[in-house]
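Everything below concerns the one structure shown next.
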Amino acid sequence: MSKEKTPLTGQRLHQIERQLADLNENDLLRRRRVTSTPCGASVTVDGRRMLTFCSNDYLGLAGHPAIQDALQEGAALYGVGSGASHLISGHSKAHAQLEERLAELQAPYIENARALYFSTGYMANLAILSGLAAAGSGQSAIFSESLNHASLIDGARLARCNVHVYPHADVVALESQLKQSDASTKIVVTDSVFSMDGVTAPLSDMLALCERYDAWLVIDDAHGFGVLGKTGSGILEELSLRGSNLIYMGTLGKAAGVSGAFIAAHATVIEWLLQKARPYIYTTASPPALAHALLTSLTLIQGEEGMRRRIHLQHLIGQFKSAFQAALGNQAGGMTLMESTTQIQPLLVGENHVALHYAAQLFEQGIWVPAIRPPTVPAGTARLRMTLSAGHSSEQVDTLIHALHGLHRKAA
C-alpha cells in the first residue's frame, strides 16, 4: 500500500510556517499593537496609556478639533465613499478644490504647477516613476538614491527601465552615472528627508546636476511637507528651489494629519500622469470627505497656528538633542544618536535583539518607541526611531531623555 502524500496545500503552509519561524528566530517578526484613542502625544495602546514617540503626526493635527469638524461636514456634504475612480465618476468638488490649493502651494517653485491627489504616498510614487518612464518610449533610465523609501524602489521596478542606484548623498557618483547615460529620459529620484535617518538630501546640488544633464528631479517630501519652509510648503520652500524639471510628492497623512498624498509638477506632466499612470487610473478615489477635511488642514498649516507649531517642534528638536548629548554624549553604551536635525531622531543600537530589548524596556515604562530592523534598514543597523511632534510638551521630551538615560545605566 502506497504511503499517503501530504496535500500540496499542507506543504505550502508548512513552508510558510518555517519561514515565519526563521523571522522570529532572527528577531525580524513584526507584530501590531492596537490603539483605541486618537493619534496624539499620548494614546491608549493594548489597553495601556502610553507616551508616544512613534507617529508621523509631526504637527499634532491628527486630532485637531477643526479638522474633525471639517471631516464631519465633508461626510454630510459628500457622503462616505466616492463610488468610483477619478476618471469615471469619483472626482468630487472637494478633490478639485484640494488639488487647486496644493498647486498654489508649490506654484512659486514649480513652473506652471498643477497637482494630482492620491489615496497614499505609495501609490503616488508608483505613478510618478512608472508614468514618467513610459513617456520615454523605452529609452528611460532612473537614478535612485540608495536609501530611498520602499515605494520609490518599487516604483522603479514597475517602470521597467534601467535603474542605477547611487550611494547615499553622493552627488559625484550621481553625476558620473548621468554623464555616462545615453537614455533619452533621465529620472533622478530621492527622498528629501530620509525616514529612518532623519537627514536631508543635497537637493540644491542635485537640481543643478539635473538641469545640466536635462533630467527630471523627483523629490519625495513625505517627511518635509507641513514641517519645512516658512509656511510649511515643504523642502522646495525651505531651500528656495525652483525649476520646470521638478516633480514633487508630498504626503497628507503625516504632518497634515489626515490621509493621502499629492504630486505637484508642470501641468503637462500632471496631464500625462492622469492619462497614463495606472496606480491613479485604476483605483477608487478616496472619500471626498477626506479631501474636504484636508482643506482645513492646509489652512491651519499655512496660518499662524501652523507657524507656532513648527516653531515649537524646532524647539523640541533642539531640546532633545542638547539634553541627550548632555546626559549621554553622542555615543553611550552601544547607543549612537544619529546626526539628524529633523523631527526624526534615530538611536542606532546595531543588533535586532538589542533594539527589541530596549523598545520593550521603554514600553514597560509607558513610552512607545519602535524598534526598526531589516529590511527597513541595513543589517547590523537596527535602531530606535524616535519622532517628535508639535503635540509633545517639553516635559514629555524630558521624560523620554530620562528613560533613555536609564537604558544606558542598565547597559553600562
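The values are calculated or read from the model by the stated rules, or taken from the named source; none is laboratory data. Note that the coordinates shown come from a computational prediction; the quantities given were computed from them, not determined experimentally. Using ideal geometry, Cβ is built from the backbone for each residue, glycine included, and neighbour counts are taken over all protein chains shown.
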Query - Selected residue (criterion: farthest from the chain's Cα centre (by Cα)) from residues of region 194-211 that are farther than 22 Å from Leu347 by Cβ and not aliphatic (A, V, I, L, M) - result: Glu211
Report summary line: Of (1) of a type outside the set (Lys, Arg); (2) touching a Phe, Trp or Tyr at 6+ places or on another chain (Cβ under 9 Å); (3) at pLDDT 95 or above, Asn330 satisfies every one except (3)
Query raised in the report: Which residues, taken from region 100-131, are over 21 Å from Lys230 (Cα atoms) and touching a Phe, Trp or Tyr at 6+ places or on another chain (Cβ under 8 Å)?
Result: Leu116, Tyr117, Phe118, Met123, Ala124, Ala127, Gly131
Query raised in the report: Scanning for something in contact (Cβ under 8 Å) with a residue 24 or more places away in the chain, part of a loop (DSSP other than H, G, I, E, B) and under 21 Å from Ser394 (Cβ atoms), does region 69-87 turn up at least one residue?
Result: no
Query raised in the report: Got at least one residue in region 240-247 being surrounded by fewer than 24 Cβ atoms within 10 Å (Cβ to Cβ), under 23 Å from Ser89 (Cβ atoms), modelled with pLDDT of 95 or more and not assigned by TED's automatic domain parsing to the domain that holds His315?
Result: no
Query raised in the report: For Arg308, are the conditions met, namely being modelled with pLDDT of 95 or more and outside the structural domain of Leu158 (by TED's automatic domain parsing)?
Result: yes
Query raised in the report: Can you spot a residue in region 44-56 that is part of a loop (DSSP other than H, G, I, E, B), under 18 Å from Pro370 (Cβ atoms) and touching a helix residue (DSSP H, G or I) at 6+ places or on another chain (Cβ under 7 Å)?
Result: yes
Query raised in the report: For region 277-294, does any single residue satisfy the condition of being in contact (Cβ under 8 Å) with a residue 12 or more places away in the chain, among the charged types (D, E, K, R) and in a loop (DSSP other than H, G, I, E, B)?
Result: no
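Take the residues in region 88-121 that are within 25 Å of Ser204 (Cα to Cα) and assigned to a helix (DSSP H, G or I), then tell me which one is nearest to the chain's Cα centre (by Cα). Spell out the reasoning first.
The first filter runs over region 88-121 and keeps only residues within 25 Å of Ser204 (Cα to Cα), leaving 102-116, 121.
With assigned to a helix (DSSP H, G or I) added as a condition, the list becomes 102-106, 121.
Working: Leu102: 18, Ala103: 20, Glu104: 22, Leu105: 19, Gln106: 18, Gly121: 7 Å.
The qualifying residue nearest to the chain's Cα centre (by Cα) is Gly121.
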Requested in this report: Select, from Leu61, Leu132, the only residue that is within 17 Å of Ile301 (Cβ to Cβ) and surrounded by 15 or more Cβ atoms within 10 Å (Cβ to Cβ).
Outcome: Leu61
Query raised in the report: In the set Thr376, Thr336, Thr283, Thr341, which member is assigned by TED's automatic domain parsing to the domain that holds Gly155 and either in contact with a Lys or Arg (Cβ under 8 Å, 6 or more places away or on another chain) or surrounded by fewer than 22 Cβ atoms within 10 Å (Cβ to Cβ) (or both)?
Result: Thr283
Query raised in the report: Among the listed residues Val189, Val227, Val163, Val218, which satisfies the condition of being of a type in the set (Val, Ile, Thr), at negative phi and surrounded by fewer than 22 Cβ atoms within 10 Å (Cβ to Cβ)?
Result: Val163
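Test of understanding: among Thr299, Thr341, Thr336, which residue is more than 19 Å from Leu252 (Cα to Cα), without any contact (Cβ under 8 Å) to a residue 24 or more places away in the chain and of a type in the set (Val, Ile, Thr)? Can you show your working first?
Numbers: Thr299 fails: more than 19 Å from Leu252 (Cα to Cα); Thr341 fails: without any contact (Cβ under 8 Å) to a residue 24 or more places away in the chain.
Only one candidate passes the filter, namely Thr336.
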Requested in this report: Scan region 290-302 residue by residue and report those that are surrounded by fewer than 24 Cβ atoms within 10 Å (Cβ to Cβ) and among the hydrophobic types (A, V, I, L, M, F, W, C).
Outcome: Leu295, Leu298, Leu300
